[in-house]
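In what follows, a structure is listed as structure tokens, so that the remarks can point back to it.
The values are calculated or read from the model by the stated rules, or taken from the named source; none is laboratory data. This structure is a prediction, so every number in the text was calculated from the model and none was measured. Counting neighbours? That spans all protein chains shown, and the Cβs are built from the backbone with ideal geometry, glycine included. For the accessible areas, the whole protein counts, side chains as well, though only heavy atoms, and no ligand, DNA or RNA atoms are used. Shrake-Rupley method; radii C 1.70, N 1.55, O 1.52, S 1.80 Å.
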Amino acid sequence: MNKIKEKIYSSLAAMEAENKKKIASLKKRALLTSYAYLVRKTEYGKVWTEALRTALNENEIVEIPTGSEPYYIDDTIVIPSNRRIEAWRAVLCLTPGCRVLMFRNEHTKDGTKAPVDTKDRDCNISIFGGCFAESRTSREGYGKSGRYSENEEFFGVSTCMLFNNIENLTLENVTFRNTAGFAVQVGDDANAVFENIWFDDCFADGLHINGGSENIVARHVYGEVGDDLVALNAYDWQNSSVNFGAIKNVLCEHLNLAPLSRYKALRFEPGIYTYADGATVDCALENIIIKDVIGIKTFKMYLQTPSYAIGGKREKGAPGTVDNFFFENIYIDLHTPIDPFPEYVKGDAVRGAFAAFELGANIGTLAFENVDFTHHTMEFPLSYLACIGPKSIISGGKEVFDPYVSCRAEKLIFKNITVNGEKPEDIRPFLREIAFHDVNGDGESSGKGEISEIIYE
């Protein structure tokens, strides 16, 4: 296992060095304020949309000076290849009522119906510093903010910034504020670095990373979000992604979710996705390191299709694969279930099991090292360190999860685990294999989770 991790670290260090080299090659520079003649005055303040577009079209590096008021943007800015924005402490804000996203790269692709052809990938885009804000006070729902275009050309986009079909992407020392959709959505991307990212009162996911992503570093990611701080959703719903496929070679470290964040979870979602012609892709998670995490209550690693009426049509989907996935230096207080359904809160004998790590994938090797787990077994006797298998909750007449899922973990490795401050002699009492036997009475709700081998050090 150490050799696998060393290879991940080594390859990602080389990637980061290459990104820095490409950034350093950019030379032609201009101040955004040199294009002030293109500014429009509105009731909100000065709108810099055309000024920034022109500056980026004519220069490789655009510096945005700190200002006494925000630089308002009222339409999407398309960033070409080989561009760098240095925003320092400047604030860029979408105007009130603006429904489209703020930034995207030039050659974005919608991969919902067929795999993305990456031959025309954009390259070498970076943003350093700055606060990127929306004029929002709550999450407004898919299609209501962060749209790809006014006619909602890419249905699965809901974000402040979209980067897909791209390589060599770097965001450093960036703050996002009041984003109603995802702060950053990426997919079919290679060689991306997100470092020193702060979320200030954001309302959905922070970093929303979709399928086809390879060589990703997310380091020192902090703040308050309304959903996942970081999501590695190789598989996802149609309203949340336009990129499907494997996510490989990822390091996420030093993640700290603010205590006031509404939903204290990280999601890692594998699954089998079906394209329009019936072809499928395994949206797998491979060679992933998640370390030094504080403030998260549940790590979700299972297929979840959209809810469906019992006996009705459900979206095609099956468990994806996970291999060489490492959790390190994790601190979890599972004081309540992450999803407060009555079945979990009251300990339903059939559906009530929940855990700090919820698994629903076909897993090769999954390792846990230096995990400090606070277990409230008296209040929640059906809570666990980790569980594997299907989930089932009926809410509003619909099945929320996928009770038909069957999956297997070939090898789970546990090293230096503490439960309520002590190292247990046996880890098995804190693990649960879940099995359903036609739990919904529809003939399609029998699934089970199995663990082939447990190594406990």
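In table form, for the structure just shown:
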{"quantity": "Estimated vicinal HN-Hα couplings, Hz - the stretch 428-442 in sequence order (Karplus 6.51, -1.76, 1.60; Gly, Pro = x)", "calculated": "4, x, 9, 10, 9, 9, 9, 9, 10, 10, 6, 4, 9, x, 10"}
{"quantity": "Area accessible to solvent at E214, 1.4 Å probe radius, in Å²", "calculated": "90"}
{"quantity": "Tensor-based shape of the stretch 297-407 (alpha-carbon gyration tensor, a/c under 1.5 rounded, otherwise prolate or oblate)", "calculated": "oblate"}
{"quantity": "Protein accessible area in the stretch 73-173, 1.4 Å probe - carbon and sulfur %", "calculated": "46"}
{"quantity": "For the stretch 371-457, alpha-carbon Rg over 2.2 N^0.38 Å", "calculated": "1.27"}
{"quantity": "Pair Y308, S34: separation of 7 Å Cα→Cβ label points (nm)", "calculated": "5.7"}
{"quantity": "Length gained when the stretch T42-S452 is fully extended (0.36 nm per residue, less Cα-Cα span)", "calculated": "141.2 nm"}
{"quantity": "Sites matching GluC sites (Glu not before Pro) across the stretch 43-113 that sit in DSSP coil, with at most 15 neighbouring C-beta atoms within 10 Å", "calculated": "E43, E106"}
{"quantity": "T159, T274, reordered so the largest accessible area comes first (probe 1.4 Å)", "calculated": "T274, T159"}
{"quantity": "In the stretch 228-276, trypsin sites (Lys or Arg not before Pro) in a DSSP loop with at most 14 other beta-carbon atoms within 10 Å", "calculated": "R262"}
{"quantity": "Charge dipole (the chain, unit charges on Cβ, about Cα centre) - positive-most of A355, F430, N124", "calculated": "N124"}
{"quantity": "Relative packing of 387-397, 295-305, which averages over residues the other C-beta atoms within 10 Å, highest first", "calculated": "295-305, 387-397"}
{"quantity": "Descending principal axes extents, the stretch 92-180, alpha-carbon based, whole Å", "calculated": "39, 30, 15"}
{"quantity": "Of all DSSP beta bridges in the chain, antiparallel share, percent nearest 5", "calculated": "10"}
{"quantity": "Overall dimensions of the stretch 317-371 as given by Cα atoms, namely Rg and Dmax in Å", "calculated": "13.8, 35"}
{"quantity": "Lysines whose Cα lies under 19 Å from that of K3, excluding same-chain neighbours fewer than 8 positions away", "calculated": "K248, K291, K411, K415"}
{"quantity": "Estimated FRET transfer efficiency when R0 is 22 angstrom, pair K316-N440 (beta carbons, to 0.05)", "calculated": "0.75"}
{"quantity": "Whole-Hz couplings from phi, Karplus 6.51/-1.76/1.60, listed for the stretch 252-269; x for Gly and Pro", "calculated": "10, 9, 6, 10, 9, 8, 4, x, 7, 4, 5, 10, 8, 9, 10, 10, 10, 10"}
{"quantity": "Percent of C-alpha pairs per 10 Å bin, the chain, short to long", "calculated": "4, 21, 31, 25, 13, 5, 1, 0"}
{"quantity": "Cα centre as origin, Lys/Arg/Asp/Glu Cβ charges: the chain dipole, Debye", "calculated": "760"}
{"quantity": "Cβ-defined net charge surrounding T377, 14 Å radius [Lys, Arg +1; Asp, Glu -1]", "calculated": "-2"}
{"quantity": "Within the stretch 102-171, trypsin sites (Lys or Arg not before Pro) in DSSP loop having at most 15 other beta-carbon neighbours inside 10 Å", "calculated": "K113, K119, K144"}
{"quantity": "Whole-number percent relative contact order across the stretch 326-457, with pairs defined as alpha carbons under 8 Å at least 6 apart", "calculated": "27"}
{"quantity": "Cα lying deepest toward the dipole's positive end in the stretch 280-389, options Y344, T377, V293, charges on Cβ", "calculated": "Y344"}
{"quantity": "Accessible area of D74 in the full protein assembly, 1.4 Å probe (Å², nearest 10)", "calculated": "60"}
